[in-house]
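The values are calculated or read from the model by the stated rules, or taken from the named source; none is laboratory data. Owing to the predicted nature of the structure, the values given are computational and were not obtained by experimental measurement. Note: ideal-geometry Cβ built from the backbone for every residue, glycine included; neighbour counts use all protein chains shown.
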Amino acid sequence: MPDQTRQMSLIAFLQAQNCSNYVGSWRHPASMTDFLSADYFTRIARTLEDATFDMAFFDDRLAMPDIYGQSHDLAVRHGIRSVKMDPTPILMAMAMATRHLGLGATYSTTYYEPFHVARLFATLDLMTGGRVAWNIVTSMNDSEAANFGRASHLEHDLRYDRADEFLQIVRDMWTSWDDDALVLDKSSGEFADPGKVRRTAFNGKYFDVNGTFTVPRSRQGHPVLLQAGSSGRGRAFTGRWADVVFTAYSSREAGEKQYRAVKQAVADAGRDPGQVVVAPAIGVVTAETPELVEKKYELIDALARPEDSLALLCEVLNTDLSTRPYDEPFTDKELADMSWQGLRDRVIQLSGTANPSVRDFVQYSGRGSLPKGGSTLVGTPTQIADQLETWFGTCCDGFVISAASVPGTYEDFARLIVPELRRRGLVKETYAGDTLRGNLGLPAPAPFAQGARA
């Protein structure tokens with residue numbers, strides 16, 4: 001049984017686009033179509049806050065899925081994540097519609113610069129009263145590189161090497177102002193104490209920075225750091241930096257193993273594993289009766305199309321599959337060169353073959369589909385709550401809820417499942433803190449050593 005003194009962290013998985021991470025969601029008859037408006041997102045925000053979700057965060061890519069056939073035709077024609085807006089203005093619209101809900105956005109360490117990201121998120125954190133998180137990604141394909149005028153995408157481990165330096169600089173900037181640096185004494189004319197503001201000096205392989213940061217600290221110290229590294233190199237990065245670890249499990253047994261590995265990576269980095277929240281993504285289909293659940297799932301499942309899976313797989317594997325024989329196994333070298341190694345490893349595990357084919361990736365990746373079992377929970381509120389309670393504490397500290405229809409999935413979870421979780425004492429009735437860190441049960445960040453090399 002989970003420790004009843006702890007409660008689940010609830011996080012919503014959002015997209016600043018025409019669909020949720022489940023591409024077929026835009027075709028659902030109940031999904032909203034005003035996704036180009038602020039109202040679309042503020043309605044979701046209010047629903048999540050009423051259900052005391054800790055946070056909603058936006059996943060993001062810096063290109064549409066246009067690798068299949070080296071063309072954007074498939075993505076645009078079928079709405080396969082073809083719209084991708086900048087999530088940070090949307091985050092602010094949601095913040096203005098809520099008082100407690102934490103809000104996160106994805107920004108890449110491969111295609112942005114440390115000062116830009118540090119200033120943007122520090123400002124967002126101030127403007128929201130300490131409710132912001134940064135979802136750290138290293139990006140994944142050549143389409144993103146092309147949008148930024150680069151010939152190709154940086155190799156997997158090198159992206160993490162660059163990201164380590166990037167995070168050192170950003171953390172250095174965020175801790176360069178002491179909490180009491182501002183004086184604001186009009187009579188003496190002293191605005192701030194220069195002895196409590198430090199320069200950021202860093203010299204590394206990828207960055208050479210020497211300057212003074214321009215944004216004071218927020219109420220929560222600095223934004224929460226969210227990260228989803230699941231490969232060996234990615235997990236080491238996660239262990240060093242993440243406050244919240246966003247992950248994916250193929251089963252409870254796999255989840256328990258991965259949970260221990262993530263916590264060990266945190267400990268190996270000299271940090272307290274109890275101060276890091278691990279939350280797997282889950283899809284949820286629920287209704288008041290088993291009959292309604294089945295009808296709802298059948299409708300959602302029918303929205304998936306093969307082209308969705310193929311376009312999304314090309315995107316995350318950084319490989320054009322349009323001319324590849326469907327059942328031809330990938331070679332060891334091809335597998336080693338794939339961008340998303342965590343997904344590759346999951347397909348290898350589930351398929352039971354060391355050299356899976358395109359068919360295996362379509363069948364076992366879950367990209368573009370919502371198969372029952374594993375991370376997709378289908379059942380009545382009591383059945384779903386039973387499963388979440390079983391997972392909680394043994395393989396996770398909370399859950400990231402992804403949507404099969406918008407806002408339907410979030411409304412169903414808030415209306416049907418949250419009351420059952422509250423009845424069991426697993427989810428809070430009201431917000432405990434006034435910052436995102438406070439609501440996640442995370443301590444204020446400690447000062448970070450300046451000028452070190454990655």
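Of all residues assigned to the range 397-417, none qualifies as being modelled with pLDDT under 95 and aromatic (Phe, Trp, Tyr).
Here ARG162 meets each of (1) in contact with a Leu (Cβ under 8 Å, 6 or more places away or on another chain); (2) at pLDDT below 95 with one exception, condition (2). Taking the stated definitions as given, is ALA444 of a type in the set (Gly, Ala, Ser), touching a strand residue (DSSP E or B) at 6+ places or on another chain (Cβ under 7 Å) and surrounded by fewer than 23 Cβ atoms within 10 Å (Cβ to Cβ)? Taking the combined requirement at face value, the residue satisfies it. Of all residues in the range 327-382, those being touching a strand residue (DSSP E or B) at 6+ places or on another chain (Cβ under 7 Å) and either among the charged types (D, E, K, R) or over 30 Å from ARG422 (Cβ atoms) (or both) number 1. Inspection of the range 58-73 finds a residue satisfying the criterion of being farther than 16 Å from ILE401 by Cβ, of a type in the set (Gly, Ala, Ser) and within 20 Å of the chain's Cα centre (by Cα). Answer yes or no: is there a residue in the range 364-375 that is in a helix (DSSP H, G or I), crowded, with 16+ Cβ neighbours inside 10 Å, on the phi < 0 side of the Ramachandran plot and of a type outside the set (A, V, I, L, M, F, W, C). Within the range 364-375, one or more residues are in a helix (DSSP H, G or I), crowded, with 16+ Cβ neighbours inside 10 Å, on the phi < 0 side of the Ramachandran plot and of a type outside the set (A, V, I, L, M, F, W, C). Scanning the range 289-301 finds no residues that are polar (S, T, N, Q), surrounded by 14 or more Cβ atoms within 10 Å (Cβ to Cβ) and in contact with a Ser or Thr (Cβ under 8 Å, 6 or more places away or on another chain). Tallying residues that are surrounded by fewer than 19 Cβ atoms within 10 Å (Cβ to Cβ) and among the aromatic types (Phe, Trp, Tyr) within the range 144-200 yields 2. Number of residues in the range 376-406 that are among the small types (Gly, Ala, Ser), assigned to a strand (DSSP E or B) and touching a helix residue (DSSP H, G or I) at 6+ places or on another chain (Cβ under 8 Å) equals 2. Within the range 39-61, residues that are touching a residue at least 24 places away in the same chain (Cβ under 8 Å) reach partners that are part of a loop (DSSP other than H, G, I, E, B) and of a type in the set (Ser, Thr, Tyr) with beta carbons closer than 6 Å, at six or more positions or on different chains, in the pairs ALA45/THR98; GLU49/THR98. The C-beta contact set for the range 294-314 (first residue part of a helix (DSSP H, G or I), second residue among the acidic types (Asp, Glu), distance under 6 angstrom, 6+ apart or interchain) comprises CYS314/ASP320.
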